[in-house]
Amino acid sequence: MKPIGEMIKEELERQERTAGWLATKLFCHRTNVYNIMSRNDIDLLLLIRISKILHRNFLKEIGEEIENDVC
C-alpha cells in the first residue's frame, strides 16, 4: 500500500494545489502539511477532513485495498 502522505501529495499535485493552500483549508501552518505528506500513517479524523477538502475519498480507496488483500 502506498503511504497516505504520498497519496495526499499526489492528489494536491493532480489538482495543481499547494501545501499552503491545504494548510489554509486545515487552519494550520504549511510546515504541518509537509509533515503530513511525509507520513506513512495519519489520524483518521484528519484524513476525513483532508478527504472532504480534496474531494477524494481516501478512506474508500484504503478500504478497497484492504478488501482486495483479504479476499
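The values are calculated or read from the model by the stated rules, or taken from the named source; none is laboratory data. Here the structure is a predicted model, which is why all the values come from computation and not from measurement. Cβ sites come from the backbone with ideal geometry, for glycine too, and all protein chains shown count toward neighbours. Protein only, heavy atoms only, side chains kept; ligands, DNA and RNA dropped before computing areas. Shrake-Rupley method; radii C 1.70, N 1.55, O 1.52, S 1.80 Å.
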Nearest 10 degrees, 0 to 90: helix 4-14 Cα axis against the chain principal axis: 60
For segment 21-35, 3J(HN,Hα) per residue [Karplus equation, 6.51 cos²θ - 1.76 cosθ + 1.60, θ = phi - 60°, Hz, x = Gly/Pro]: 4, 5, 4, 4, 5, 8, 6, 9, 8, 4, 5, 5, 5, 4, 5
HN-Hα J in Hz across segment 61-66 - Karplus 6.51, -1.76, 1.60, θ = phi - 60°, x for Gly and Pro: 4, 5, x, 5, 5, 4
Reach of Lys52 by Cα under 17 Å, taken over lysines that are not fewer than 8 positions away in the same chain: Lys9, Lys25, Lys60
Sulfur and carbon atoms: percent of accessible area, the chain [1.4 Å]: 51
Computed [θ] at 222 nm, deg cm²/dmol, the chain (DSSP H ≥ 4; -39,500 (n - 2.57); rounded to nearest 500): -21000 deg cm²/dmol
Dipole moment magnitude, nearest 20 debye, the chain about Cα centre, only Lys, Arg, Asp, Glu C-beta charged: 480
Rg in Å to one decimal, and Dmax rounded to a whole Å, for the chain via C-alpha atoms: 12.2, 41
Probe 1.4 Å, protein heavy atoms only - accessible area per residue of the chain in square angstrom: 70
